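J.: So that we are looking at the same thing, I have put the structure below in structure tokens.
The values are calculated or read from the model by the stated rules, or taken from the named source; none is laboratory data. Just so it is clear, the structure is predicted and the values come from calculations on it, not from any experiment. All Cβ positions, even for glycine, are placed from backbone atoms using ideal geometry, and neighbour counts span all protein chains on display. Areas reflect the complete protein model, heavy atoms only, side chains present, ligands, DNA and RNA absent. Shrake-Rupley method; radii C 1.70, N 1.55, O 1.52, S 1.80 Å.
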Amino acid sequence: MKARLTWFSDDEMARIHEASLKVLASVGIRADSKKALDILKANGAKVNYDTNIAFIPRNLVEEALEVMPKTVVYGARNPKYDYILDKKKAHFTADGFAIPYIVDWETGERRESRSEDLVRMVRIADYLDNYDEVWVALASGDLPTPIQGITSFVTALRNTEKHISHEALDADEAKFMIEIATTIVGGRKELKKRPLFSVEQSVVSPLKLDEGAVEAAMEFGAAGIPVLCCGMPIPGTTAPATIIGTMLIANTEWLAQLVVLQLANPGAPVIYAQIPCGANYSTGAVIESPESLLFRVGVADMAHRCYDVPCMGYGANTSAKLLDIQAGNEKGQSLLVGALVASDVLPGGGELDDALCYSLEAMVIDNEIAGEVFRFVENFEVNDDTLALDVIREVGPGGHFLEQQHTLENYKNMWRATISDKETFASWKESGAKPLDNVAAEKVREILATHTPQPIPEDIDKEVSRIYEKAKSELLRKAEA
Amino acid sequence: MLDLVEIRDSVINGARNEVRDLVEKAVGEGGDAQKILNEGLVAAINVVGDKFEKGEFFLPELVMSAAAMREGLKILRPLLEQGNVKLFKVAVIGTVRGDIHDIGKSIVGIMLEGAGFSVIDLGVDVETDRFIEAIRQNNADLLGMSALLTTTMENMRGVIGALKKAGLNIKTMVGGAPLTEQFANEIGADGYAPNAASAVRKASELVKG
């Protein structure tokens, strides 16, 4: 069996679901997108075009839940990194998106993040074993805003062979991203089969679909790109000041996104990616807190147990500004919860300061924590070999198990530290008495000096460049207009 | 033709029975025991030590190889010691009085055997007199003492004092989780090792020459 964590009873989940249906039908959802409103209206929702509010009836929700896929494929530039989100296992990744600051890996100073930082960040995630995919974490503050997104996308594809996850601000940006990925994978059909990337498209809590985000999501749905339908309700500011009321807002927002996406493209791959969070009630900002952790359990319950769909919940996230005990505490707790609920997408790697700051050293440390928590949730079968009764009989009372073939065959399954200190005081001192962030910094330097991912084949990369150049000039022109 | 490579690989793989059979066969076919020891067993244990240092091997591999080496030595020892008074260095080991912790000391014992020592393991909760008696009886070259508790490690000081009083000229080394190099020096031990692998290295150093 595996260690697993759940929270709601079946009855409680059914009540949240029923309450969501009531909100959708009677309060409605605001969609600042004519395209989204039209499709809802055409399928029987009552729409008020003055307020942009659509009242979604029960049957549309039920049909969407019926037609959505129950598992999602993540393809990668290198097929050995393909995998399926099947609600059974957490998959770790870096944090995203457009994080504005980074702790400089050479000076230790916090500064604006630049495009070369993104290259480093992606390469490190490509190298580290526990990163199953790569969220495009950093903003490229040195580039004009309209082309930052597309540039990050191309940079990420070029610097990792793993699946990447990004976001698009509107349908135009989405189309360019799809065109580039289509070129790399070799056609629209192939992209649908093995989507090289996924996207997180956000709702504005409470209950509002942003025009750009939802229309981009519809483009991605048509191309078979998995969409992480995401909202971030906060108790007391963008949701009722109760944990359950906030869960209700989160669940309702997800269902609203689901309905629009499934009406636009029945069977489009979706992920339940709501991230309700605790808040600092002096500033209103989101924070890591016990409530944030609990929401992750609630989200996984609703996704896996109520709707049978893969989910995403935050992972290695922290409010800490540097790699101190608070960072370790929050990242450790949060990743363990994420692993225990089998969060199909478990991001946060490298993140600091509630996703305002990033650290390459943190990426390395988070990789270690992820390895620990994944060991925690492995499947442990109870059988003759694992009970090892024969071996116990052979060794007997007072003996030891070191000379047993069984030991030699099995001890390697035990977790082993990669960067954490597990030495004696004497040998720790002898090797320089280094704190963990120094060890991580050494690892960062080593990875950057030695690891180069396979590049995109030259002829294909030429075509990628052509589309990228076209995208840049069109996105810049549009921004000026 | 002696197949020393196969013997060496079997020791490295920790394949006890294979080592026993191969050494028996080599001896039966008239192989030189000294050569089998040096180029088969000792060569293997050196490789195992290297792999341990590099982090490719861990305690279970180390112990399995040492145990395999011990199987080979059982056959070679009587042949090598014919006529010689004593070919192998003798180590007496034990956990000191009041302390019943066994595993660390046992690992060191297995590995010392693997490195070619004759090991007399007195077990746990060993009184000073028993150490002295065993050293005399076996004409030992080295005494290894272990303790896991800060309350019992002081007993090591007493044993070392008693050795001097008894006029026994023997190298002493100590180890165990709470010990430090400083403590070892303070109580007049000749050597200290923080783990089993370095204990074997230290032991070999101490008894050399």
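J.: Identify the residue in the stretch A:424-480 that is closer than 30 Å to B:THR180 by Cβ and of a type in the set (Asp, Glu) and, among all such residues, is most open to solvent (accessible area, probe 1.4 Å).
T.: Initially, the stretch A:424-480 is screened for residues closer than 30 Å to B:THR180 by Cβ, giving A:424-443.
From what is left, the residues that are of a type in the set (Asp, Glu) are A:430, A:437, A:442.
Details: A:GLU430: 160, A:ASP437: 59, A:GLU442: 81 Å².
Applying the filter and picking the extreme gives A:GLU430.
J.: Would you mind telling me which numbered condition in (1) touching a residue at least 12 places away in the same chain (Cβ under 8 Å); (2) of a type outside the set (Ser, Thr, Tyr); (3) within 28 Å of B:MET69 (Cα to Cα) B:ILE187 fails?
T.: (3)
J.: Is it the case, given these coordinates, that A:LYS35 is assigned to a helix (DSSP H, G or I) and without any contact (Cβ under 8 Å) to a residue 60 or more places away in the chain?
T.: Working: assigned to a helix (DSSP H, G or I): yes; without any contact (Cβ under 8 Å) to a residue 60 or more places away in the chain: no.
For A:LYS35, the condition - assigned to a helix (DSSP H, G or I) and without any contact (Cβ under 8 Å) to a residue 60 or more places away in the chain - is not met.
J.: Looking at B:ASN17, B:ASN84 in this structure, which one is over 14 Å from the mean Cα position of the chain (by Cα) and either at pLDDT 90 or above or basic (Lys, Arg) (or both)? Reasoning before the result, please.
T.: On the way: B:ASN84 fails: either at pLDDT 90 or above or basic (Lys, Arg) (or both).
Going through B:ASN17, B:ASN84 in turn, just one is over 14 Å from the mean Cα position of the chain (by Cα) and either at pLDDT 90 or above or basic (Lys, Arg) (or both): B:ASN17.
J.: I want to confirm something. Restricting to the stretch B:70-108 and keeping residues that are touching a residue at least 24 places away in the same chain (Cβ under 8 Å) and among the small types (Gly, Ala, Ser), which single residue is nearest to the other protein chains (Cβ to nearest Cβ)?
T.: Here the residue is B:GLY104.
J.: If you go through the stretch B:40-69 one residue at a time, how many are within 14 Å of chain A (Cβ to nearest Cβ) and crowded, with 23+ Cβ neighbours inside 10 Å?
T.: 8
J.: Among the residues of the stretch A:388-406, what is the count of those that are buried (at least 16 other Cβ atoms within 10 Å of the Cβ), acidic (Asp, Glu) and more than 8 Å from chain B (Cβ to nearest Cβ)?
T.: Summing the residues that are buried (at least 16 other Cβ atoms within 10 Å of the Cβ), acidic (Asp, Glu) and more than 8 Å from chain B (Cβ to nearest Cβ) in the stretch A:388-406 gives 0.
J.: Same structure, new question: In the list A:SER319, A:SER334, which residue meets the criterion of being away from chain B (no Cβ under 14 Å), open to solvent by less than 20 Å² (accessible area, probe 1.4 Å) and not in a helix (DSSP H, G or I)? Write out each step before concluding.
T.: Values: A:SER334 fails: not in a helix (DSSP H, G or I).
Of A:SER319, A:SER334, the one residue that is away from chain B (no Cβ under 14 Å), open to solvent by less than 20 Å² (accessible area, probe 1.4 Å) and not in a helix (DSSP H, G or I) is A:SER319.
J.: From the list B:GLU71, B:GLU29, B:GLU24, B:GLU81, pick out the single residue that is within 28 Å of A:ASN410 (Cβ to Cβ) and of a type outside the set (Phe, Trp, Tyr).
T.: B:GLU71
J.: Say we look at the stretch B:137-181 and pick out the residues that are β-branched (Val, Ile, Thr) and touching a residue at least 40 places away in the same chain (Cβ under 8 Å); which of these is most open to solvent (accessible area, probe 1.4 Å)? Steps first, answer last, please.
T.: Step one: filter the stretch B:137-181 for residues β-branched (Val, Ile, Thr), giving B:150-152, B:159-160, B:170, B:172, B:174, B:180.
Still in the list and also touching a residue at least 40 places away in the same chain (Cβ under 8 Å): B:151-152, B:159.
Values: B:THR151: 108, B:THR152: 8, B:VAL159: 3 Å².
Among them, the one singled out is B:THR151.
J.: Quick one: in the stretch B:116-149, of everything that is farther than 15 Å from B:ALA193 by Cβ, assigned to a loop (DSSP other than H, G, I, E, B) and within 14 Å of chain A (Cβ to nearest Cβ), which residue is farthest from the chain's Cα centre (by Cα)?
T.: Selected residue: B:ASP125.
J.: Now for a different question. Which residue, of A:ASP437, A:ASP421, is more than 9 Å from chain B (Cβ to nearest Cβ), within 36 Å of the chain's Cα centre (by Cα), acidic (Asp, Glu) and over 17 Å from A:GLU372 (Cα atoms)?
T.: Details: A:ASP421 fails: over 17 Å from A:GLU372 (Cα atoms).
None of the other options fit; the residue is A:ASP437.
J.: May I pose another question? Pick out the one residue from A:ALA181, A:ALA174 that is among the hydrophobic types (A, V, I, L, M, F, W, C), touching a Leu at 6+ places or on another chain (Cβ under 6 Å) and in a helix (DSSP H, G or I). Before the answer, list the steps.
T.: Working: A:ALA174 fails: touching a Leu at 6+ places or on another chain (Cβ under 6 Å).
Exactly one of A:ALA181, A:ALA174 is among the hydrophobic types (A, V, I, L, M, F, W, C), touching a Leu at 6+ places or on another chain (Cβ under 6 Å) and in a helix (DSSP H, G or I), namely A:ALA181.
J.: Run down A:TRP415, A:TRP428 and say which single residue is under 25 Å from B:SER106 (Cα atoms) and in contact (Cβ under 8 Å) with a residue 24 or more places away in the chain.
T.: Details: A:TRP428 fails: in contact (Cβ under 8 Å) with a residue 24 or more places away in the chain.
After applying the criteria, what remains is A:TRP415.
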